[in-house]
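Notes to accompany the following structure.
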Amino acid sequence: MAQNVEIKAFIDDFEDFEEKVVKISDCALEIIHQHDIFFNCESGRLKLRIFDSNSGVLIGYTRADSDSPSLSSYLLSHTDDPHGIKELLTKSLGTVGEVKKERHLYFSGNTRIHIDKVEDLGTFVELEVVLGAEDTVGEGRKVARELMKELCISKDSLIDVAYIDMM
């Protein structure tokens, strides 16, 4: 399974925060529209992410609910038939709910920085420090904390649950 260390936080001022991110980003902005459908499952979480291009990715993951940098383990399976997969999994497992968002994606080193405008919830940042085979969770947490400091993400703004849990 692939792994990363993650944090999620509320953002008060989208434009101000994005200016900070642009200064540390290694690449140009990519804007992605995502529609996530969460399915019932016995362990972890299972979601289908559908993109505007009618492609998608099925994501199975586990992550502890925590308001500090925490480990996430995940598996991905890409599909060119997300609507067929959605129908199959909805009929087989049932759904928990859906989340729609506009994601502004940046990279800084081995970290994906997502600035998310989540429908009906607000604006958030997610830092995902991607761990390589040789990287430790402690190293990932250190990178996340350094970026939190650099981007002025306070401990008070951190949230400990997924967007679907906030719906």
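The values are calculated or read from the model by the stated rules, or taken from the named source; none is laboratory data. For clarity, every value in this text was computed on a predicted model and none was experimentally measured. Using ideal geometry, Cβ is built from the backbone for each residue, glycine included, and neighbour counts are taken over all protein chains shown.
Determine if segment 24-44 includes at least one residue that is out of contact with any Asp or Glu (no Cβ under 8 Å at 6 or more places or on another chain), of a type in the set (Ser, Thr, Tyr) and under 30 Å from Glu146 (Cα atoms).
yes
Filter segment 18-68 down to residues that are over 21 Å from Ile7 (Cβ atoms), in contact with a strand residue (DSSP E or B) (Cβ under 6 Å, 6 or more places away or on another chain) and at pLDDT below 95, then give me how many there are.
Summing the residues that are over 21 Å from Ile7 (Cβ atoms), in contact with a strand residue (DSSP E or B) (Cβ under 6 Å, 6 or more places away or on another chain) and at pLDDT below 95 in segment 18-68 gives 1.
Given the residues Glu128, Glu102, which is the only one that is under 14 Å from Pro69 (Cβ atoms), among the acidic types (Asp, Glu) and touching a residue at least 40 places away in the same chain (Cβ under 8 Å)?
So the residue among Glu128, Glu102 that is under 14 Å from Pro69 (Cβ atoms), among the acidic types (Asp, Glu) and touching a residue at least 40 places away in the same chain (Cβ under 8 Å) is Glu128.
Would you confirm whether or not segment 76-86 contains a residue that is touching a strand residue (DSSP E or B) at 6+ places or on another chain (Cβ under 8 Å) and within 16 Å of Glu6 (Cβ to Cβ)?
Yes, that holds for at least one residue.
Pairs only if they're at least six apart or on different chains, beta carbon under 6 angstrom, first in segment 45-61 and touching a residue at least 24 places away in the same chain (Cβ under 8 Å) and of a type outside the set (Val, Ile, Thr), second surrounded by fewer than 19 Cβ atoms within 10 Å (Cβ to Cβ) and assigned to a loop (DSSP other than H, G, I, E, B); list them, first residue then second.
Pairs that qualify, where the first residue is touching a residue at least 24 places away in the same chain (Cβ under 8 Å) and of a type outside the set (Val, Ile, Thr) and the partner is surrounded by fewer than 19 Cβ atoms within 10 Å (Cβ to Cβ) and assigned to a loop (DSSP other than H, G, I, E, B), are Ser55/Asp80.
Please enumerate the residues belonging to segment 145-162 that are crowded, with 17+ Cβ neighbours inside 10 Å and charged (D, E, K, R).
Passing the criteria: only Arg145.
Can you pull out every residue in segment 145-165 that is part of a helix (DSSP H, G or I), more than 14 Å from the chain's Cα centre (by Cα) and in contact (Cβ under 8 Å) with a residue 24 or more places away in the chain?
Those that are part of a helix (DSSP H, G or I), more than 14 Å from the chain's Cα centre (by Cα) and in contact (Cβ under 8 Å) with a residue 24 or more places away in the chain: Arg145, Leu147, Met148, Glu150, Lys155, Ser157.
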